[in-house]
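Peer 1: Questions regarding the structure given below will be posed in turn.
The values are calculated or read from the model by the stated rules, or taken from the named source; none is laboratory data. Predicted model only: the values in this text are computed from it and were never measured. Cβ sites come from the backbone with ideal geometry, for glycine too, and all protein chains shown count toward neighbours. What goes into the accessible areas is simple: the full protein's heavy atoms, side chains included, and nothing from ligands, DNA or RNA. Shrake-Rupley method; radii C 1.70, N 1.55, O 1.52, S 1.80 Å.
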Amino acid sequence: MKKLKMTAEQRKQHILEASLQLFKSHPYNSIVMEDIAKASNIARTTLYDYYSNKESILVALLEQTAFNARKIEIRGKSAKETFEFFAEDYLTLIQENLIIYRILYQVTPLMTKELTKKMHQWRDEHANQIVALAQVLQDNSLLRETVDLNDVLFVFQGLLSQKINTLLLTNTTLNPKTEAKHICDLLWYGVVKREIKPTVHSII
């Protein structure tokens, strides 16, 4: 049966999918381009037409994950619910792409300038998403007088990072909805005015 000819974009995606399966079954540091070429069922020389090295493949996989993170929908009927949905969606994204984040964690000490630059870009994008959420609290005068947007960012990112580290460093599977609620309960106790008590009809 004649094989269907792939476009350049289809070929690149095929290589990424084959690489991801390889990364799931073998230690990242032990994999070489020859292995990826075989897994992709192409010649090594052809592989180099699309990706210059193994790290460029990792960057492309991370770009896809970062793109999905940018698309996380901001939703919720209250400020607190909005934070909970965001945390839940983000934890779900991490859990579904755990192998990529684990590899990134492993290679962090050896990152090239290109990957380091990408990492800073993705972190800034994530921080901007959280600051946008925090702005809702500030606009509705819900923050304590001594708390600003950067404080909300620091606390929320810190709580979220602890849950992410649990995923990266253990074989634990988290319930994103439950963990998101716990994170936001802690966040609310720390940054929102204590005299405001949430109710069914409250803005928080």
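Peer 1: Taking the conditions exactly as written (of a type in the set (A, V, I, L, M, F, W, C), within 27 Å of Gln157 (Cα to Cα), at pLDDT 95 or above and part of a helix (DSSP H, G or I)), does Phe67 satisfy them or not? Steps first, please.
Peer 2: Details: of a type in the set (A, V, I, L, M, F, W, C): yes; within 27 Å of Gln157 (Cα to Cα): yes; at pLDDT 95 or above: no; part of a helix (DSSP H, G or I): yes.
In short, no.
Peer 1: Which of the numbered conditions does His126 fail, given that it passes all the others? Conditions: (1) open to solvent by 40 Å² or more (accessible area, probe 1.4 Å); (2) part of a helix (DSSP H, G or I).
Peer 2: For His126, the failing item is (1).
Peer 1: Report, ordered by the first and then the second residue, all pairs with beta carbons closer than 9 Å, sequence separation of six or more or different chains, a first member in region 124-137 that is more than 16 Å from Glu84 (Cβ to Cβ), and a second member that is open to solvent by 50 Å² or more (accessible area, probe 1.4 Å) and polar (S, T, N, Q).
Peer 2: That search, which allows pairs on different chains as well, returns His126/Gln157; Ala127/Gln157; Val131/Asn150.
Peer 1: Restricting attention to region 170-197, report how many residues are without any contact (Cβ under 8 Å) to a residue 24 or more places away in the chain, open to solvent by 70 Å² or more (accessible area, probe 1.4 Å) and outside any loop (DSSP other than H, G, I, E, B).
Peer 2: Within region 170-197, residues that are without any contact (Cβ under 8 Å) to a residue 24 or more places away in the chain, open to solvent by 70 Å² or more (accessible area, probe 1.4 Å) and outside any loop (DSSP other than H, G, I, E, B) number 3.
Peer 1: Taking the condition of being within 11 Å of the chain's Cα centre (by Cα) and outside any helix (DSSP H, G or I), how many residues in region 72-90 meet it?
Peer 2: Residues meeting the conditions: 1.
Peer 1: Looking at (1) touching a helix residue (DSSP H, G or I) at 6+ places or on another chain (Cβ under 7 Å); (2) open to solvent by less than 70 Å² (accessible area, probe 1.4 Å), which is the only condition Ser56 fails?
Peer 2: (1)
Peer 1: OK, next. Which of the helices (runs of 4 or more DSSP H) found entirely inside region 1-53 contain at least 3 residues meeting this: open to solvent by 70 Å² or more (accessible area, probe 1.4 Å)?
Peer 2: Numbers: elements: 8-25, 33-40, 44-50.
Qualifying helices (runs of 4 or more DSSP H): 8-25, 44-50.
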